[in-house]
Amino acid sequence: MHEFAIARSVLAAVRAEAELRPGTRVSKIGLRIGDLAGLDADALSFCFEALTKGTDFGSVTLEIERKPRRQGCSRCSKEFVVVNYETSCPACGRRRPFFSAEMNSNSPILRWRSYDADSPRTEGLARE
Ligand SMILES: [Zn+2]
């Protein structure tokens, strides 16, 4: 299951981050998933729960936010959100119209944030 591998990767990244900050208690992990990542958020939550149950991370809340994919047209400069993998420009109809994959094309599939009572916020990346 794809989501299981992702959940394990997220947990490993968060665990590594927490180990860098002794005394930190992770209470919440915010995940941002690109719409085109092909991930099932419910399955991911389920896998995360299964992996953390009975561990130090058992009480961690996983918050998943979907991030729409934005494209820009190289012909007419229209910017639009990709829905259902349709990447043709809605304004001029050009296929594969992007001038850049998106505004921040290097953004990862997943971004996680961990929060705790003492430090304001740590942010890191988890990749497949
Ligand atoms: Zn266009």
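Condition check ((1) part of a strand (DSSP E or B); (2) exposed (fewer than 13 other Cβ atoms within 10 Å of the Cβ)) across all residues:
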residue: LEU44; (1), (2): no, no
residue: PHE48; (1), (2): no, no
residue: LEU51; (1), (2): no, no
residue: GLY54; (1), (2): no, yes
residue: GLY58; (1), (2): no, yes
residue: LEU62; (1), (2): yes, no
residue: GLU65; (1), (2): yes, yes
residue: ARG70; (1), (2): yes, no
residue: PHE80; (1), (2): yes, no
Between residues in the range 16-36 that are at negative phi and residues that are surrounded by fewer than 17 Cβ atoms within 10 Å (Cβ to Cβ) and of a type in the set (S, T, N, Q), which pairs lie under 8 Å by C-beta distance while being six or more apart or on different chains?
ARG21/SER119; THR24/SER119; SER27/SER59; SER27/THR61; LYS28/THR61; ILE29/THR61; GLY34/SER107
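Hey, any hits in the range 47-57 for a residue that's of a type in the set (D, E, K, R), at pLDDT 90 or above and away from the ligand (no atom under 14 Å from the Cβ)?
First pass over the range 47-57, keeping only residues of a type in the set (D, E, K, R): 49, 53, 56.
Still in the running and at pLDDT 90 or above: 49, 53.
Narrowing further to those that are away from the ligand (no atom under 14 Å from the Cβ): 49, 53.
Among the residues of the range 47-57, at least one is of a type in the set (D, E, K, R), at pLDDT 90 or above and away from the ligand (no atom under 14 Å from the Cβ), which makes the answer yes.
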Only one residue in ALA5, ALA50 is under 30 Å from VAL82 (Cβ atoms) and among the aliphatic types (A, V, I, L, M). Which one?
ALA5
Filter result (farther than 12 Å from ASP56 by Cα and either assigned to a loop (DSSP other than H, G, I, E, B) or touching a strand residue (DSSP E or B) at 6+ places or on another chain (Cβ under 8 Å) (or both)) within the range 15-27:
GLU17, LEU20, ARG21, PRO22, GLY23
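The values are calculated or read from the model by the stated rules, or taken from the named source; none is laboratory data. The model shown is predicted, which means the values in this text are computed figures rather than measured ones. Note that we place each Cβ from the backbone using ideal geometry, even for glycine, and neighbour counts take in every protein chain shown.
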